[in-house]
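Accompanying notes for the structure given below.
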Amino acid sequence: MHSGLRLVLARLEAMNLRPRRQGDGWIVFCPVHENPPDKHRPSLSVRLAEDSQKVLLRCFAGCSAEAILRALGLEWKDLQDGWQDWPPSQKPAKTSAVAPGDHHGDHQRSAGGPTGQRSYPSAAEALAAYGNRRGWGKPNHIWTYTLADGSPCFAVGRWNHPPGETGKQFAQVSRQAEGAWVLKNTLDRLPLYNLPEIVNADPDVPIVVCEGEKATEAARQCGLLATCSAGGANAAAKTDWSSLAGRKVIVLPDNDNPGQKYAETVARLALEAGAAEVKILRLADFCPGMPEGGDIADVLDSPDWCGCGLREEANPEDLGRWILDQAERLPSWRPEPAPEAGPVIVRLSEVEPQEIQWLWAGRIPLGRISLLVGMPGSGKSLLTLDMAARITRGWNWPDKAPCTKGNALFVVGEDGLADTVRGRAEAAGADVNRIFVLTGIQRVDKDQPFQVPVCLAHIEEITKAVMQTQPRLVVFDPIGHFIPADIDTNTENHVRLVLGRIAELAEQYRTAVLLVAHRRKARAEFADDVVLGSRAFVGLARAVWHVCRDSEDQNRRLLAPGKNNLAPPMEGLAFWIKGGLDTHPCLEWEADPVPMTASQALAREYEAVRGGSVEEAKKALILALSNGPRPAKELMAALRDQGLADRTVYRAKAALGIKSKKQGYQQEYVWYLDEAGEYPAV
């Protein structure tokens, strides 16, 4: 085998990275990056070039060949054929690399490798050897951990910005039983930093836990009894916290999210170890000048103490006393109870009372769903744009109720924006800068954007649209257009599934949601029963309003109340649809209210339709019988040819008082006008 290739494979074996054969080469975990993209898939390829003279190294995660060689402790000359490392008969013992970890937010490098088998007389020499192998030189800082009796057992080295690397780098070394130091952690449980001082201190003195050795030394400079755990924010569980039993503990987290998580982890571990009390003191809450990721060392180095309020001539001991004073005022930390499955019960006395807020007083509530119902062409969409105009201008409502100025968000499925919605909004007088329309949901496939139609399943995107536009009114027109394809609108559970999330959105963002719904063709005694689809539409809505045609004027509409769970019964209103062929239609409201419910308005609308047919049947009967009696069968057939229904004809016959009798041999019924009757002229 090519000796350079054999050397690379041997070094990888020594680092316990387990290269395995694949084709004409080997694949293995890369020794450079500790967090590979796929922890279960090796990223480094090792093989010979086609001329069998060169060793090829390729990391699919992007590490350079120079970095790989540096991690292996090799140079390019080492890969030449003929170079010898260990005798072939000697197989190096496998050794574990230092576990990767996060220390102060920086990656901690593995200290494994060929030198991982070697031992050194001191921690400083072991860390210097590791730094030299990486090309970093000696570490800038070395922090030594000891057992309770003061004997050293573990150390951490830090390189502040080593050549060819970004950020700080760390390595760990541990002391063996015979006194030698090796480049790996061989301890099952790590001791706390500054352990002898902690165990020998007055038990009434609080122990301050910092995040990292640098911050701990700064805290000690302030006269605090301070400690930390090794390995950074993610390795707290590897430390033995038993020395905190019965003690008061103050945790000082770094000013970032990992620092807060570390503080909560330490607090939990301290309580589990028997700490008498734990408090978390976020210095950033008291020090407005603390930088992102900063700690007590930054406060100590700041000329104004990061704005915590200490005088300029204060000393580090003053900062220490200030920290203890602030912690004394804090409540003890308690972990959040673990979530459990089961019933969710709220005591009513614990519910904070809240007044109902209105978009349109007594008619359209804020934070709730309302329903606007009507037949196609009845003016529902015009009504929503009239409402938007009043909101965007701050104009009073038609009943003179005040209207707070704000934005409106529309989700429209039938009307065109350019030729219909824009023109109608301007005809209503709206400020179109305050009206927003959600037209679609953008998706990206292979870096190519495309849009999909809006539906209620896109609740996250709808929520973002509400957050961005901050509307007082959100209109879905018509709601049936936005129901997901897999939802049956006639099934109550299905409808509640999608509308329930819209109701939560309305309540969370205190916006009025108006659903425009069509009316079913079947007639009903109660107006709310004619809403198309499941009764869940009406059930979830807190207010329902119906747009009905006036029985006497086709251009006049009635806005009549249905159910209203949040206000006493309100009177209806009336409006006219104005506009011509060359202008967009708009609404003109009547000043006087209409004392009529939606059920009453619909009954009049139905009666008008039915009454018109009866009047036609009356005229047809008078004309047909004006020359004398006619057989009923013959007469009914003739009237059917005119498009009149049998039931309508019979109602007209009863209304006119037309008589019938049997005559002739076959005793057939004939109809005739009563000579004493008074009939309208036709």
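The values are calculated or read from the model by the stated rules, or taken from the named source; none is laboratory data. Predicted model, so just to flag it, every value in this text is computed and none were measured. Methodologically, a virtual Cβ is constructed for each residue, glycine included, from the backbone with ideal geometry; neighbour enumeration extends over all protein chains shown.
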Exercise. What is the number of the single condition among (1) in contact with a helix residue (DSSP H, G or I) (Cβ under 7 Å, 6 or more places away or on another chain); (2) assigned by TED's automatic domain parsing to the domain that holds G231 that V173 does not meet?
Worked result: (2)
Exercise. Restricting to strands (runs of 3 or more DSSP E) lying wholly in the range 135-237: which have 1 or more residues that are touching a Ser or Thr at 6+ places or on another chain (Cβ under 7 Å)?
Worked result: 152-159, 169-175, 207-210, 225-227
Exercise. If we keep just the residues of the range 545-599 that are hydrophobic (A, V, I, L, M, F, W, C) and without any contact (Cβ under 8 Å) to a residue 60 or more places away in the chain, which is nearest to L371 (Cα to Cα)?
Worked result: A560
Seminar exercise, completed: In the range 479-499, anything farther than 20 Å from E414 by Cβ, not hydroxyl-bearing (S, T, Y) and not in a helix (DSSP H, G or I) is listed as D486, D488, N490
For this session: Output the residues belonging to the range 347-380 that are under 22 Å from A425 (Cβ atoms), at pLDDT 95 or above and not in a strand (DSSP E or B).
Result: R363, L366
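Any residue that is within 30 Å of T597 (Cα to Cα) and in contact (Cβ under 8 Å) with a residue 12 or more places away in the chain - is there at least one of those in the range 346-354?
Checked against the condition, which is being within 30 Å of T597 (Cα to Cα) and in contact (Cβ under 8 Å) with a residue 12 or more places away in the chain, the range 346-354 yields no hits at all.
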Exercise. Looking at the range 282-295, which of its residues are assigned to a loop (DSSP other than H, G, I, E, B) and either surrounded by fewer than 21 Cβ atoms within 10 Å (Cβ to Cβ) or without any contact (Cβ under 8 Å) to a residue 24 or more places away in the chain (or both)?
Worked result: R282, F286, C287, P288, G289, P291, E292, G293
Problem set entry | Matching option when the condition is surrounded by 18 or more Cβ atoms within 10 Å (Cβ to Cβ) and small (G, A, S), among A485, A517 | A517
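Matching residues to (1) of a type in the set (S, T, N, Q); (2) in contact (Cβ under 8 Å) with a residue 60 or more places away in the chain:
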site: K138; (1), (2): no, no
site: T146; (1), (2): yes, no
site: K184; (1), (2): no, yes
site: C210; (1), (2): no, yes
site: A219; (1), (2): no, yes
site: A236; (1), (2): no, no
Exercise. Conditions: (1) outside the structural domain of Y120 (by TED's automatic domain parsing); (2) within 40 Å of the chain's Cα centre (by Cα). R158 meets all but one. Number of the miss?
Worked result: (1)
Problem set entry | Within the range 490-514, tally of residues that are in contact with a Gly (Cβ under 7 Å, 6 or more places away or on another chain), at pLDDT 90 or above and surrounded by fewer than 20 Cβ atoms within 10 Å (Cβ to Cβ) | 2
Seminar exercise, completed: In the range 162-182, anything aliphatic (A, V, I, L, M) and in contact (Cβ under 8 Å) with a residue 24 or more places away in the chain is listed as A171, V173, A180, V182
Exercise. If you check T384 against the conditions, is it in contact (Cβ under 8 Å) with a residue 60 or more places away in the chain, exposed (fewer than 15 other Cβ atoms within 10 Å of the Cβ), closer than 16 Å to V474 by Cβ and not hydrophobic (A, V, I, L, M, F, W, C)?
Worked result: no
For this session: Please go through the range 168-192 and pick out each residue that is closer than 16 Å to D149 by Cβ, of a type in the set (A, V, I, L, M) and modelled with pLDDT under 90.
Result: A177, L187
Exercise. Can you tell me which residues in the range 411-463 are in a loop (DSSP other than H, G, I, E, B) and among the basic types (K, R)?
Worked result: K446
Exercise. Only one of (1) touching a Pro at 6+ places or on another chain (Cβ under 9 Å); (2) at positive phi is not met by G212, so which one is it?
Worked result: (1)
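Per-residue answers, yes or no, for (1) under 26 Å from P258 (Cα atoms); (2) surrounded by 15 or more Cβ atoms within 10 Å (Cβ to Cβ); (3) not charged (D, E, K, R):
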| position | (1), (2), (3) |
| --- | --- |
| D149 | no, no, no |
| V156 | yes, yes, yes |
| P191 | yes, yes, yes |
| P203 | no, no, yes |
| E213 | yes, yes, no |
| R220 | yes, yes, no |
Exercise. Is one or more of the residues making up the range 567-590 in contact with a strand residue (DSSP E or B) (Cβ under 7 Å, 6 or more places away or on another chain), closer than 21 Å to Q357 by Cβ and surrounded by fewer than 13 Cβ atoms within 10 Å (Cβ to Cβ)?
Worked result: yes
Exercise. In the range 8-32, how many are over 47 Å from the mean Cα position of the chain (by Cα) and surrounded by fewer than 21 Cβ atoms within 10 Å (Cβ to Cβ)?
Worked result: 3
Problem set entry | Residues that are hydrophobic (A, V, I, L, M, F, W, C), under 21 Å from L587 (Cα atoms) and outside any strand (DSSP E or B), drawn from the range 536-572 | M570
Problem set entry | Among the candidates E317, E328, residue that is in contact with a Cys (Cβ under 7 Å, 6 or more places away or on another chain), surrounded by 10 or more Cβ atoms within 10 Å (Cβ to Cβ) and of a type in the set (D, E) | E317
